[in-house]
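Some notes on the structure that comes next.
Each reported figure results from applying straightforward, stated rules to the coordinates on display, with no laboratory input. Just so we're clear, the structure is a prediction, and the values are computed from it rather than from any experiment. Counting neighbours? That spans all protein chains shown, and the Cβs are built from the backbone with ideal geometry, glycine included.
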Amino acid sequence: MNNKLKLAVAGAILASASVASAGIVIPAGDWTVDINGNVNAFAIMADNKDTVTTAGAMTNSRGNGDAVSINTGLLPAWFGVTASTRTNDLDVSWTISTQPGASSAAGLAGGGGEEARQASLTFGDKSWGSVTVGKNLGIFGSDAILSDMTLLGVGSQGVVGSAGGTTTTLGRIGTGYLYADWNGQITYSSPSMNGLQVTAGVFQPWNTVNAAATTISGKSSGSQDEFGYQGKAVYSWGGDMAGKAWLGFFHQKVTNIDGTTTSDVENDADALEFGFSVSSGNSSLVAYIYDGEGIGTTAFLRDGFDDAGQQRDSDGGYIQATYVIPSGTKIGVSYGESNLDATSNDSTTTDIVKSNDMWTVGAYHPLTKHLNLVAEYSSVETESMSTSIAETESEIVSVGAILFF
């Protein structure tokens with residue numbers, strides 16, 4: 001599945017076992033071309049309870065009152081092309097995709113933004129594995145997001161006022177796991193060895209994003225002299241209670257992270273993750289946890305270090321249960337949280353997210369084998385490290401449809 005549209009296929013699997021996992025397949029000489037993707041949009045209605053409106057520091061909504069939008073959910077609308085062939089005893093394929101937004105927040109805006117998340121090639125053989133080169137979904141956190149039921153829906157909408165016109169919502173990103181994201185990489189995946197598969201690779205290193213950091217002119221918080229490293233081991237099994245368990249890691253050296261002086265402070269961002277998913281009959285269960293230093297919250301390296309370059313500790317996870325009722329509708333409930341600990345250098349006025357948690361209840365109904373109707377309710381709470389900032393609460397209702405092809 002390395003060169004399939006991973007999110008769309010996973011979304012189809014989550015919606016219903018009857019949803020097709022392949023797109024429009026066209027023979028083209030030596031190549032087989034697969035045109036695939038999805039179209040989705042939701043009516044999103046949020047009730048926000050917070051009287052404080054400071055800019056940018058919190059993961060979820062700031063502001064008081066109602067907010068509505070018509071927008072794509074966690075999974076963006078997606079148009080992807082994959083071509084594959086077998087030559088010189090190698091399976092070779094490439095994938096390029098684009099993700100148009102579903103709405104815009106102002107007139108004459110062209111109908112919304114657009115992303116280009118995926119451009120990669122893969123070559124290999126089932127006897128020794130495969131190598132992927134290019135921009136693709138990251139390894140750390142990928143199983144967490146692909147197992148998340150809000151992948152078909154909305155979850156958390158993000159910052160109030162920007163829900164309309166964005167390419168996606170947040171789903172459970174930042175309330176149970178970090179976003180795996182799309183990044184330049186060279187990765188190797190082993191063949192399945194009695195159910196065990198190992199994937200590891202080198203990645204374009206990230207720069208840090210510090211919401212409350214002091215900036216020094218000419219300084220860049222990041223590392224361009226050493227790759228980032230990610231990997232995981234996944235064990236899958238069948239039977240009456242089929243499932244999989246995975247263990248993953250993330251590592252990157254980060255430099256120039258002292259925001260108060262012109263010196264170059266160097267530190268590491270490290271994390272481990274563990275998760276499992278099991279299914280029996282119409283029921284399924286997912287559980288996931290992560291723990292790290294310097295990795296931040298919501299996005300990799302967001303607020304992972306204080307102004308002096310000291311690591312902030314991060315942890316979180318989520319649990320999810322779903323059941324398919326006789327009509328074919330999948331009913332699910334999940335809870336997750338993400339936490340970021342202050343360092344000895346942080347003060348009680350540091351306006352950075354301390355914790356996010358979210359309850360979600362959802363219904364996902366396969367109207368046809370391609371088209372799914374979705375309804376969700378989510379309750380999100382966000383707490384700041386600053387004792388003067390009120391806790392943010394959002395109640396989010398969304399209804400809409402997602403179609404896979």
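Shown in residue order for region 196-208 are the 3J(HN,Hα) couplings computed by the Karplus curve 6.51 cos²θ - 1.76 cosθ + 1.60 at θ = phi - 60°: 9, 10, 10, 10, 8, x, 9, 9, 4, x, 7, 8, 7 Hz (x for Gly and Pro). Using the Karplus relation 6.51 cos²θ - 1.76 cosθ + 1.60 with θ = phi - 60°, the per-residue 3J(HN,Hα) values for region 275-287 come to x, 8, 9, 9, 9, 9, x, 8, 10, 8, 9, 10, 9 Hz, with x marking Gly and Pro. For residue 221, the residues 5 or more places off, or on other chains, whose built amide H falls under 5 Å of its own are 208. Exposure proxy for 369, 253: other Cβ atoms within 10 Å of each Cβ, ordered fewest to most, give 369, 253. Listed by chain and number, the aspartates and glutamates whose C-alpha is less than 17 Å from the C-alpha of residue 330, apart from same-chain residues fewer than 8 away, are 148, 376.
Cross-link reach is defined here as a Cα-Cα straight distance under 15 Å, omitting same-chain residues fewer than 8 places apart; for residue 369 none of the aspartates and glutamates meet it.
In order along region 136-149, phi translates into HN-Hα couplings of 8, 4, x, 8, 5, x, 5, 5, 5, 6, 6, 9, 7, 5 Hz, rounded to whole numbers, per the Karplus curve 6.51 cos²θ - 1.76 cosθ + 1.60 with θ = phi - 60° and x for Gly and Pro.
Sorting 95-106, 136-147, 114-125, 175-186 by their mean Cβ neighbour count within 10 Å, with the most densely packed peptide first, gives 136-147, 175-186, 95-106, 114-125. Amide H to amide H distances under 5 Å link residue 301 with 296, where only residues 5 or more positions off or on other chains count and H is placed in the peptide plane. Under a 5 Å amide H cut-off, with hydrogens placed 1.01 Å from N, residue 157 pairs with 170 among residues at least 5 apart or on other chains. Measuring against 30 Å, Cα to Cα, the residue pairs 135/244; 126/244; 49/253 contain 49/253 as the ones spanning a longer distance.
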